[in-house]
Structure formats: C-alpha cells, structure tokens
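Down below is the structure, laid out as structure tokens.
What follows draws every value from the coordinates through simple rules; no lab data is involved. These numbers were taken from a predicted model, which means no experiment stands behind them. Cβ coordinates were reconstructed from backbone atoms using ideal geometry, including for glycine residues, and neighbour counts include every protein chain displayed.
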Amino acid sequence: MEFFDGMAQKTKNLSEIMKLTAAVSSEKERQEKIYKELGETYYKVYGDRAESELIEMCAQIRESRETVETYEKEILALKGIAVCPACGYEVSVHFNFCNNCGHKMKEVKEEQPSVDELIQEGEKLREEEEILAEKEEEVTAEDRIVKEILEEETSAAKESVEEILAEEQQGEEPFEPAGAEEPFEPEMVTSTEEIQKPEAEEDFQGQEDPFVQEIQEAVSVSSEKTCKECGAHMEADQEFCIMCGTRYEEDKVEKEAEEEEEPQARICPNCGSIVKPGHLFCMECGMKQ
C-alpha cells in the first residue's frame, strides 16, 4: 500500500509542477507584453525629449520604422498598388479614385530618362568597355611574355639536365653485380698448341667430329633389334624374324633365367602336403624337408 501511495503522490507532484511551469511561462509572456506597451508608450510621449541612454534607443526605433515604411512602399509599388492619402486604403495604381472613400488618387507617372541622359549613359558604357578591353589586352600581353619566359627557362633547364646525365653516363663504368662474376682460375700455358687452341675451336665451331658421328651410329645400330640367325632388322615388338622365321632368343633366354631364379614349391614325402619355398619343415606333419 505504501508503494502505491508513494506513486500517487509522485504523480500528483508532477502534475502540480507542470501547472506551475505553465503559469510561470504565462506570466513571463505577460511581462514581455507589458514591457512592450511601456516602451511604445514612452516612445510616443517622451521620444523627442528622451534623456541619457534612452535617446540612442529611441533614435534606433525611429530609424527602423522609417526603413520598414520604405520597404513597404517598394513592395506596394512592385505589386502595382497605391495607398489612398485620405483613408489609407490600398488602391490599384490604374484607378483614378479610391474605391473605398472616393478620394481622387494622384496620377502615377513613370519617370522616363531624357535623350541627353540616354546619350550620356551610352558614352559612359562605351568608355567602360574600352577601358576593359585595354586591360584585357595588357593582361594577355603579360601572360604571353610570362609564358615565353617560362618556356625558355624550361627548355634551358632540360638541356642542362640532359648534358649532366650524358657526362655521368660517360664517366661511369658499367656496373656488374658481384654474384654474376665468375671465379678467376689461372691456367698454365705449356705449349703454343694450347695458345692456338681457342682459334682452332672457333674455326671448327659448328662442325661435328667424324669419329663422334661413327660412335653415335654404332650405338644406334647396337641398340636396334636384329635377328640372331640372318641379321635382319626387327621391330621392337616382333618375336619372329620375317625374313627367316627364327624366333628372337633374347626374350626366351631372359624368361628361362627368370624361371630358374624363381624358387619352386615342394611336396612333403610323409603326408603329401605342399611345402612353400623357404620352409624347412612341413606345416602339416612337422617333418623336416
């Protein structure tokens, strides 16, 4: 119960706070309104003979009002509306009489410039255009001169840089990385034949030695498959010679050698079981083989 009572009291207090805040705001607005009315009353009564600091404030108000009136007149003129001097009613500029009180309106005449004024304005504009054209020509000439100077300086600087780079390239030796150098191995010259050997190698470079050619041919011939009986050439997959019909014996000899090398299984004389190659005793009866 105490909890709910506390909540009710807080809600009541919040409501009172809101009411009092609204009352305070209302009173402040009322004060501002009174201050405004007081200032306007003072300005109307004592505006012309105000003293001390109030003189400057009154002058500012007067100036502001005059500015507002000027702006309002300009707005009405742009809208094509005139104010009746008798009743203050807004009337169209095309009406000769006020449609509210019947007072005769002043004719609104647009002031048009005279011929002399137009001539003077044309001459003035022509002079200004000539002055602008002369200034543009001067600026263009200056820009052209500056551009030519910059181009000359740039070309001279470029030539000097190219000359410096060329001199540096002529003075420097070609750089070779240390890893690319081959180790120096001194060679002992024992005879004039060794001295003339590089020249001989250059003369016979590109020519094959006939002895080397013979060895290569012999190797190629020895690697070919030939019949052992008649010597005829045989293909690698042929087993019989097509000239004499003899069987190529190399494969047969190799197969026989492989068969001889392979161990054969034995039969136990006691029980007749097969004894695997490499076994000394029969696995069935235990008899030593």
Original post:
VAL83 to SER155: extension gain in nm, 0.36 nm per residue of separation minus the Cα-Cα distance?
Top reply: 18.3 nm
Subject >> Simple label model, 7 Å out from Cα along Cβ direction - GLU72 to GLU90, nm >> reply: 1.1 nm
Original post:
When the Debye formula is applied to the Cα atoms of segment 2-79, each taken as the same point scatterer, what base-10 log of I(q)/I(0) results at q = 0.11, 0.14, 0.27 Å⁻¹?
Top reply: -0.58, -0.71, -1.13
**OP:** Excluding residues fewer than 8 places away in the same chain, name every one of the lysines whose C-alpha is closer than 17 Å to that of LYS36.
**Re:** LYS28, LYS44
Subject >> Computed E for GLN120/ILE61 - FRET, C-beta separation, R0 35 angstrom, nearest 0.05 >> reply: 0.25
Original post:
Using θ = phi - 60° and the Karplus form 6.51 cos²θ - 1.76 cosθ + 1.60, what ³J(HN,Hα) does each residue of segment 271-283 get, whole Hz, x for Gly and Pro?
Top reply: 10, x, 6, 7, 9, 5, x, x, 8, 8, 10, 6, 6
Subject >> Set of lysines with alpha-carbon distance to LYS104 below 26 Å, sequence-local pairs under 8 removed >> reply: LYS73, LYS79
Subject >> Simple label model, 7 Å out from Cα along Cβ direction - SER25 to GLU148, nm >> reply: 7.7 nm
Original post:
On full extension of the chain, what length is gained from ILE242 through SER273, given 0.36 nm per residue of separation minus the C-alpha to C-alpha distance?
Top reply: 6.4 nm
**OP:** Determine ³J(HN,Hα), in whole Hz, for all residues of segment 81-98 in sequence, where each value follows from phi through the Karplus function 6.51 cos²θ - 1.76 cosθ + 1.60 and θ = phi - 60°; x replaces Gly and Pro.
**Re:** 10, 10, 9, 5, x, 8, 10, x, 7, 7, 10, 5, 5, 7, 8, 8, 10, 6
Original post:
For GLU53 and ILE131 in the same chain, what is the full-extension length gain: residue separation times 0.36 nm, less their Cα-Cα distance, in nm?
Top reply: 22.9 nm
